[in-house]
1. Any chance you could count how many residues in segment 21-74 are under 23 Å from Glu91 (Cβ atoms) and in contact with a strand residue (DSSP E or B) (Cβ under 9 Å, 6 or more places away or on another chain)?
2. On the basis of being in contact (Cβ under 8 Å) with a residue 12 or more places away in the chain and within 28 Å of Tyr18 (Cα to Cα), does Val54 make the cut?
Amino acid sequence: MARETKAERLAREAQARYAFEAEQAASYPDRLMSMLERAVKQNYELTVRNAKFVVEDRDARRDSAVELTLTYNRANQEALYELDSRVEAKEEAEREALRRVQVRNAALTKLSQEEREVLGL
């Protein structure tokens, strides 16, 4: 079996990068719309200004707004990744709060009537 030359390896890596970029560009509109839907469910405000989607967290106004357009480019991909990170953090916090409520409720159901009266519940 012949060894791969440096030129062949570089060409193969370039082809792989090109294929990855093409796949990212093709799936960008679907990923964008999906992320915008998730963001709105997590109390993000979505507005359109200057032909850009502007997404701001209503719960943390100090965070900068994320601006996205429908066309795929590196800046939009990075902004989409940043928005995904923020939304994922809020979703995780919501899941943790729900879990804590469920644990608290499960613990409270185990208390006897006397224990509830002593605790003032």
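Here, each number is a calculation from the coordinates, and none is a lab measurement. Worth saying up front: this structure is predicted, and the values here are computed from it rather than measured. Ideal geometry is used to build each Cβ from the backbone, glycine not excepted, and the neighbour counts take in all protein chains shown.
1. Residues flagged as under 23 Å from Glu91 (Cβ atoms) and in contact with a strand residue (DSSP E or B) (Cβ under 9 Å, 6 or more places away or on another chain) within segment 21-74 amount to 25.
2. In short, no.
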